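**Student:** Here it is: the structure, laid out below.
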Amino acid sequence: MNSRAESTSQGSGPQNLAARHRSRHAADVEDLLATALNDAASRAWAGGTARTPRLGVDVVDTDILARQLSSRIGAEFTHRIFTDTEIVDCRGMVPKFATRWAVKEAVSKAIGTGFRDGLTPKAIEVLTAPDGSIRVAPSRGQRWPLDASTWRWTVSAAHEGRVAVAVVIALS
Ligand SMILES: CC(C)(COP(=O)(O)OP(=O)(O)OC[C@H]1O[C@@H](n2cnc3c(N)ncnc32)[C@H](O)[C@@H]1OP(=O)(O)O)[C@@H](O)C(=O)NCCC(=O)NCCS
């Protein structure tokens, strides 16, 4: 604190009282703005209501998946796990199938059921946005347990070498 500020805060004349009043007012305004900012940040994060964050993660070995996809029952396996849209989107690219498979498992963990209670891998459709990012939605005519399709979902995935990984966060 500099000496001028010190004399202002410690003096007792009418001018100093006015300055103290102003600084109290400024502090009140600062508090008010900080509270409003925090509220806005919380609303932006939680979408305006109190929501519970849920997390799901999964890793897939691309070599194992490649063997499953090209096995004698590969076509049946592919159509049991992936929707027609996903199959077209992945165009035979194993790492892309692998990230989609990892996303489906991660979503099942974030919901908390795994592939039970009516949730199947094919009921979770993994869509590629024009910018390359991933979205998830119930496949046509499918419902997710706990009404989880109404949650706000954020997905991230990656692949390197034999490993594909996905992380999902949902606000329920
Ligand atoms: C959840 C599930 C999809 C994960 O299966 P997985 O790929 O074999 O296993 P992962 O290595 O990826 O994950 C295992 C971890 O997931 C977590 N997990 C298991 N069930 C979970 C659930 N319901 N919710 C959240 N996390 C769960 C556990 O931490 C587990 O580790 P642990 O066994 O050391 O405790 C699986 O447990 C499941 O739902 N099975 C249902 C029956 C089935 O096999 N269906 C196949 C249909 S194709």
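**Student:** Within the group GLY74, GLY161, GLY92, GLY118, which residue is farther than 28 Å from ARG51 by Cβ, modelled with pLDDT under 95 and among the small types (Gly, Ala, Ser)?
**Tutor:** GLY92
**Student:** Show me the helices (runs of 4 or more DSSP H) found entirely inside segment 59-124 where at least 1 residues are within 20 Å of THR154 (Cα to Cα) and touching a residue at least 40 places away in the same chain (Cβ under 8 Å).
**Tutor:** 84-90, 94-111
**Student:** Looking at segment 29-48, is at least one residue touching a Lys or Arg at 6+ places or on another chain (Cβ under 7 Å) and either within 14 Å of the ligand (Cβ to nearest atom) or modelled with pLDDT under 95 (or both)?
**Tutor:** Taking every residue of segment 29-48 in turn, at least one turns out to be touching a Lys or Arg at 6+ places or on another chain (Cβ under 7 Å) and either within 14 Å of the ligand (Cβ to nearest atom) or modelled with pLDDT under 95 (or both).
The values are calculated or read from the model by the stated rules, or taken from the named source; none is laboratory data. All values derive from a computational prediction rather than experimental measurement. Here the Cβ is made from the backbone with ideal geometry for all residues, glycine too, and neighbour counts use every protein chain on show.
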